[in-house]
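Student: Pasting a structure below so you can have a look.
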Amino acid sequence: MSTPARTSPRPRPKVMTLTPAAVARVKSIMSEKGPAVAGLKIGIKKGGCAGMEYTMDWAEAAGKFDEVVEQDGARVIIDPKAVLYLLGTQMDYRTDKLASQFVFDNPNQKGSCGCGESVNLVPASKDKLAAADV
């Protein structure tokens with residue numbers, strides 16, 4: 001009696017992608033931080049005049065339920081509570097005359113405050129969740 005061949009599950013799509021500029025900046029900062037840093041952790045918290053804010057911090061390790069996005073040597077760790085709000089997001093790093101900062105092109109963002117510090121986010125739709133198999 002032969003056993004059926006095992007097939008590996010299809011790979012899950014990334015919750016977020018990074019532009020080449022974001023990859024370069026994350027890698028640069030990670031190299032400065034040294035081996036104690038596992039990646040840049042991204043989250044969402046309530047606050048600001050539009051209702052929510054993106055959070056970023058350095059993580060020493062990925063948590064059990066964190067999503068890890070690795071792209072061209074850059075590692076971004078996503079807090080599990082933020083996944084529904086970040087699905088389909090592209091992270092960029094932009095420099096202009098007055099600032100250098102990470103910028104999120106998020107399809108789940110429905111608005112932002114005038115100062116740009118907080119955003120109005122809604123969870124990803126059921127269709128996006130089904131397509132992403134999250």
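The values are calculated or read from the model by the stated rules, or taken from the named source; none is laboratory data. All of these numbers come straight from a predicted model, not from anything done at the bench. Here the Cβ positions follow ideal geometry from the backbone for every residue, glycine too, while neighbour counts run over all protein chains shown.
Student: With the condition kept exactly as written, say whether any residue in the range 53-73 is modelled with pLDDT under 90 and of a type outside the set (Val, Ile, Thr).
Tutor: yes
Student: Hey, Thr55 hits all of (1) surrounded by fewer than 19 Cβ atoms within 10 Å (Cβ to Cβ); (2) of a type in the set (Val, Ile, Thr); (3) not in a strand (DSSP E or B) but one; which does it fall short on?
Tutor: Result: Thr55 fails condition (3) only.
Student: To continue, here is another question. Among Gly43, Gly114, which is the only one that is at pLDDT below 85 and either out of contact with any helix residue (DSSP H, G or I) (no Cβ under 9 Å at 6 or more places or on another chain) or part of a strand (DSSP E or B) (or both)?
Tutor: Details: Gly43 fails: at pLDDT below 85.
The unique qualifying residue is Gly114.
Student: Still on this structure, please answer the following. Residues in the range 58-89 that are surrounded by fewer than 15 Cβ atoms within 10 Å (Cβ to Cβ) and either in contact with a strand residue (DSSP E or B) (Cβ under 9 Å, 6 or more places away or on another chain) or farther than 22 Å from Arg25 by Cα (or both): how many?
Tutor: 9
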